[in-house]
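S.K.: Shown below is the structure under consideration.
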Amino acid sequence: MNEHESQQDGLGADLAYPWMADARCRDLPPAVFFPSDGAGVEVARRYCAECPVRTQCLEYALGNHIDHGVWGGTSERERRRIARSRRAQGTAARPKERRAGARRV
């Protein structure tokens, strides 16, 4: 049994962060957010679309490298793209910062 299967009564079983109490998914079965097909992802996104903590949820998933399920209205593939884009932007920003702060001799 994995952590998702152990929470049969909904995602609200263990609220690690205060924002989770306001999540629309809190009282829904975890299976809704861990679909096995694209149609299931769309169903989960409908719940996420009006969720007041969607941004916090997405940031939580990205920050914790969560690979499975729909978090913050995004699929696994979308989160990988977001993470990749953020890494590229972070890498691209570093040389510019160094050049701007470099001393002339």
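S.K.: Just want the ordering: Glu50, Glu76, from fewest to most Cβ atoms lying within 10 Å of their own Cβ.
M.R.: Exposure proxy ranking, most exposed first: Glu50, Glu76.
S.K.: Can you list residues whose amide H is under 5 Å from Thr74's amide H, if they're 5+ apart or on another chain and H is modeled 1.01 Å from N?
M.R.: Sorted by chain and number, the residues that satisfy this come to none at all.
S.K.: What are the residues whose amide H is under 5 Å from the amide H of Leu28, where those residues sit 5 or more places off or on another chain and H is modelled from the backbone?
M.R.: Under 5 Å from the amide H of Leu28 lie the amide H atoms of Leu11, Gly12, each far enough along the sequence or on another chain.
Only the coordinates and a few stated rules stand behind these numbers; no lab work does. Please read these numbers as outputs of a predicted model, since none were measured by experiment. FYI the Cβ positions are ideal-geometry reconstructions off the backbone, even for glycines, and counts take in every protein chain you see.
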